[in-house]
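Let me begin by presenting the structure, written as structure tokens, before commenting on it.
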Amino acid sequence: MAEPHLFVIYGGTGDLAKRKLFPSLYRMLAKTGVSGEAVVLGVASAPLSDDEYRRSARESLASAGIGDTSAWCDERVYYEQVERGTPSLEPLARRIAAIERDHGLSGNRVFYLALPPGAFPRVIEDLSKVGLNRSDGWTRLVIEKPFGRDLQSAQELNRLVHRYFDENQVYRIDHYLGKETVRNLLAFRFANLLFETSWNRDRIDAVEITVAETLGIGTRAAYYDNAGVVRDMMQNHLTQLLALVAMEAPHSFEADAIRDEKVQLLRSIRRIDLNEVTFGQYGPGTTAGGEQLIGYAGESGVPAGSTTPTYVSLRVDIDNWRWQGVPFYLRTGKRLPEKSSHIAVRFRPPPTCLFHGRRDECVAHQNVIKLILQPNEGFELYFDVKSPSESLKLTQERLRFMYADSFDDIPDAYQTLIRDVIEGDQTLFVRADEVEESWRLFDPVIDAAADGHPVHEYAAATWGPEGRHTPIEWALGPIRGEVTKSPR
Ligand code: BG6
């Protein structure tokens, strides 16, 4: 249940606050009928008045298609300027106390750090020095990704956070965990006996996790060139998908029961074989619609000669009883031909083949379950049927469930995660040990990129450099009425 609270957006004039936080917070509050329970305080270094900030909040809500918010903004949105390097946050603490007094709030507070990662330590320390890490109600700290830039920095940041906050106050955001299909993974696996009994090395042949983006890096060179694709996507979003698809059943749906199993899974992953890692960086290219795209090197702000990878594919092996011997292929990249995120689970072929082609080859297709996260959430099951009136000719067909066909209001990821913060549910947030385990896994891969592991150029709007793994989705046979992508 959402209790009355103060929602402090630290970095309140930034892109994230404008594009995501205001619209998601507003929608969530309106939907749960508690818009009267929240008061928002934007904090940033720009010299703005409350009224100027309210105007910009109204504009962000309007550009997200939410109209008629003047009264809410005027009554419930405030702004406090905090200059960079300010010696003490005492004025902020006093302002918070005054707003809470005026609104009759009892000290429930969210501090959402919508800041560049380099700013986290200082802000966490400054807030705590003036006692803002505790209150008479609850105080929750939301930290955006990336949490650290390697294992060591993540450990240091965790130590700092824990000096002032208990782990149950800390919400490390990974917005992929808020996506409806990602949340549904647990229901899909653990509410349906049919799938879960087959979810193991005896039945599954390979698993592939793909997050393909059409966007380039846009105006984010300063951040991206330092981060690269492994820090930006693989260590967090794809690792979370991997953990949810492969973890053991938790003993309950409590946040820590689920997070314990995810950590356990991450600990079972073998050190990644660098021979199985392919890096790429997009070069110039042309989309199917004829749009000319510049390469990474030509993007504004990218230093000359940068070898930062924008694409990676790799193989993960899990050394446990369930998954021994089953390869998990993970791949993600920018400037690929389509925005598409999915998990494809391929089942083993039948033990003997009864269906042969002209050259005596086996013509049965392996079953595949494809869990689709983007662009349209849902899942598909691929299976063989006999083509009518032809003796033993097999055709691959598909059963399909799309969320949008059954439900009309699919909340956006931030809406879900903000609701969970306000309700105090940490299930979809990354715990300290979990974030450290995923850095432990990917530090050597990041080091390899820095130490001269080849980074191949691929033309923008193509499927990345030639890798050693044939994507499972391309191995799927043609589905009637659909154009299938041809393997490169
Ligand atoms: C962010 C990355 O975390 O996720 C971006 O920093 C990326 O580089 C984005 O584009 C992808 O999110 P989504 O929800 O559009 O798949």
* Taking the Cα atoms only, what angle lies between the long axis of helix 432-450 and the longest principal axis of the chain, rounded to 10 degrees? -> 60 degrees
* **Cα-based Rg / Dmax (Å) for the chain** => 24.3, 82
* Asked: Want the number for E156 to V363: 0.36 nm per residue separation, take away the alpha-carbon distance, what's left?
  -> 69.1 nm
* To do: State the cysteines of the chain left without a partner when partners are defined as other cysteines whose beta carbon lies under 4.7 Å away.
  => C73
* Structure fact -> At q = 0.18 Å⁻¹, the log10 of I(q)/I(0) for region 137-271 from a Debye sum over equal Cα scatterers comes to -1.25
* Which of the peptides 223-232, 192-201 is most tightly packed, and how do the rest follow, going by the mean number of other Cβ atoms within 10 Å of each residue? -> 223-232, 192-201
* Structure fact -> So for R0 = 51 Å, FRET eff. of D74-S387 from the Cβ-Cβ r, to 0.05, ends up at 0.20
* Asked: What's the extension gain from R94 to R348 if we count 0.36 nm per residue and subtract their Cα-Cα distance?
  -> 85.1 nm
* To do: Could you pull out every residue, at least 5 positions away or on a different chain, whose amide H is within less than 5 Å of the one on G137? Hs are placed 1.01 Å off N in the peptide plane, and Pro or chain starts have none.
  => N108
* What are the ³J(HN,Hα) values, in whole Hz, obtained from phi via the Karplus relation 6.51 cos²θ - 1.76 cosθ + 1.60 with θ = phi - 60°, for each residue of region 107-122 in sequence order, with x given for Gly and Pro? -> x, 7, 9, 10, 10, 9, 8, 8, 10, x, x, x, 8, 4, x, 4
* To do: Give me the angle, in degrees from 0 to 90, between the Cα long axis of helix 22-31 and the longest principal axis of the Cα atoms of the chain, rounded to the nearest 10.
  => 90 degrees
* Structure fact -> Note: region 274-319, point scatterers on Cα, Debye, no solvent; log10 I/I(0) at q = 0.16, 0.19, 0.22 Å⁻¹ equals -0.59, -0.72, -0.83
* Most to least packed among 24-30, 380-386 [average Cβ atoms within 10 Å] -> 24-30, 380-386
* Over the Cα atoms of region 1-77, Rg to Rh with Kirkwood Rh, two decimal places? -> 0.93
* Asked: Label points 7 Å out from Cα along the Cβ direction at M402 and E423: separation in nm?
  -> 2.8 nm
* Structure fact -> Computed over region 32-163, the distribution of all Cα-Cα distances in 10 Å bins, rounded to whole %, is 11, 38, 35, 15, 2
* **Relative packing of peptides 432-438, 244-250 - highest average C-beta neighbours within 10 Å first** => 432-438, 244-250
* Apportionment of accessible area to carbon and sulfur, region 1-105, percent (1.4 Å) -> 46 percent
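The values are calculated or read from the model by the stated rules, or taken from the named source; none is laboratory data. Model, not experiment: these values are computed from the prediction. Here the Cβ is made from the backbone with ideal geometry for all residues, glycine too, and neighbour counts use every protein chain on show. Accessible surface is based on the protein model in full, side chains and every heavy atom, while ligands, DNA and RNA are left aside. Shrake-Rupley method; radii C 1.70, N 1.55, O 1.52, S 1.80 Å.
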